[in-house]
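Nothing in this text is a laboratory measurement; each read-out follows from the coordinates by a stated rule. All of these numbers come straight from a predicted model, not from anything done at the bench. Ideal geometry is used to build each Cβ from the backbone, glycine not excepted, and the neighbour counts take in all protein chains shown.
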């Protein structure tokens, strides 16, 4: 009897990430947490030794991060953490808001708003309360990024995720220091989560409008704080 092959989809097997993908994710995480602060921390030889990969692999990872505006290419093979201008920060916040507004406005051409499962709703609402209690900037930033990705997936069209990713990447580190400038950061994020996971979309939009406007106003201060966090830590 001839054997029948079993596909990777049928078995659930997933190929392990490539070395370049693993290095990319690791360096991105280091950037998010301000463990990489300057060009000296980004030398190919140092990173290749740390992650036990070739310098070519590191170069591919750094080039990808530069394309996402997490790094700035100084010269061939040399990078430094990217510090966006205040205008770029303001534009990225506004882009997040514009996508959310387009997603949930009454429009028959857009998909129906997503239904939240009770288990997901209760879990995420509990996380919202933990954000306020712990005032953990990493938790607040990651939960808000996850929420905005969910918004993007329901914005209509197959390229919605790709539309928001550059702005999320640019704001990833900013959101981890917002509380230094805006003390209500943790309660703001928790409120956005409560509205979204409870299905209260008009309130979500109004709250996100206020959230965005506050950060657009202080974008120049956030840019300075980001530069200081990278240099002084």
- Taking the mean number of other Cβ atoms within 10 Å as a proxy for protection, how do you rank 204-214, 170-180 from highest to lowest? 170-180, 204-214
- Quick calc, residue 133 & residue 38: beta-carbon distance into FRET formula, R0 45 Å, rounding 0.05, result 0.85
- Message: For the pair residue 26/residue 54, report the inter-label distance in nm, with labels modelled 7 Å from Cα in the Cβ direction.
- Response: 1.7
- Query: When N counts the residues of the stretch 168-233, how does its alpha-carbon radius of gyration compare numerically with 2.2 N^0.38 Å, as a ratio?
  - Reply: 1.22
- Compute from the Cα atoms of the stretch 18-81 the Rg and the Dmax, the latter being the longest Cα-Cα distance, and quote both in angstrom. 10.1, 26
